[in-house]
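Notes follow the structure.
Here, each number is a calculation from the coordinates, and none is a lab measurement. Everything numeric in this text was worked out from a predicted model, so none of it was measured. A quick note on method: Cβ atoms are made from the backbone with ideal geometry, for glycine too, and the neighbour counts reach across all protein chains shown.
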Amino acid sequence: MEVSMKWAEGWTGSLAWLAGGLGVFALCLILTFPYGALQSRVMRELQYHSGLDIRSTQSAVRFPGIFEWRNVTLSKPEWGALQLAVLQTKVGLLRALIGELGLDVLIQADDSSTAAGVARGTVTGSSLALDGRVSVKGQFQQVDLSTLLRRYITRGTLNGEFFQHFESIPGQGSSMTGDGVWRVEVKDLTMDQIPLSNGLTLSVGFTRITTALSCRDAVCEVTEFKGEGQDGSFSGEGKLTVRQPVQNSQLALTVTIVPGAGFAGKGTALGMPPLPVGVPLTVKVLGTVAQPRISL
């Protein structure tokens, strides 16, 4: 019995020294990790794979592995500029040490609120350079669409969640691969200045719109597409074929529109043919996202 107790005491001391040594090693690793170089690398990869020009007036490193940029401007020639209050990334240091990527991303449109105007996501991949297969999972929380698409939208709040695999090929960009699921909901949407063929513009509003996509590689089935409001309601189904750049993605939708009392008055004022209130009308939406064509 005495021998067993001495043996246990000896192992306890050894394990304590081992734990202490590992703790000191971890602390030294955290304190001496090249955070500045990693922050620059993260920014370069974000710009390269998103195709966006990302600029900020302030940047900071928060231990361990949290990088933050404030007063951020995202821009792309065909989109214009978007202003963000905070862009924050948290890098999994242990994964980074073995050359893999584990990245948590937080975007805030307004730094005064952590509950509204927020997008969160998690990016995982087998390479820090985002080469090969990459998985992205995230959500949108109370995002003001008028700040993103101010050209046509004057009001609207977006909530949603998504999960998608991507395949990144050096020099060729990223493409959607494998299964993916996207679901978004827009409330209190008002779209203005929608151009018509007669040179006039149309304004429509909906209290709620929901859309759900089930994707396989670059082809997404529209499993849910419906909306309702004073101007009427609609429902639809079809396919979205994703291409690069995104505005060249192909639409093939069948949409059934039920005009409401609000839309009937607007249509008459704009010289459009009268649409009977409550009578369904089915149309086809074809072409690209940037230039859709509508036909009966």
Run the simple label-point estimate for Lys137 and Thr207 please: 7 Å along Cα→C-beta, distance reported in nm.
3.5 nm
Return the distance in nm (one decimal) between the two label points of a simple spin-label model at Ile294 and Thr282, each offset 7 Å from Cα along Cα→Cβ.
1.8 nm
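At a Förster distance of 35 Å, what's the computed FRET efficiency of Gln193 paired with Ala218, Cβ-Cβ distance as r, to 0.05?
The value I calculate is 0.65.
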Additional length obtainable on full extension of the chain from Ser126 to Gln244, 0.36 nm per residue less Cα span
40.2 nm
Under 17 Å from Lys187, Cα to Cα: aspartates and glutamates that are on another chain or at least 8 residues apart
Asp144, Glu161, Glu224, Glu228, Asp231
Go through Lys76/Lys226; Lys226/Lys284; Lys90/Lys226; Lys76/Lys137; Lys90/Lys137 and tell me which ones have a Cα-Cα distance over 25 Å in this structure.
Lys76/Lys226; Lys90/Lys226
Neighbour-count order for Leu202, Leu94, Leu87, fewest beta carbons within 10 angstrom listed first:
Leu94, Leu202, Leu87
Gain on full stretching of the segment that runs from Ala252 to Arg95 - 0.36 nm per residue minus C-alpha separation
52.4 nm
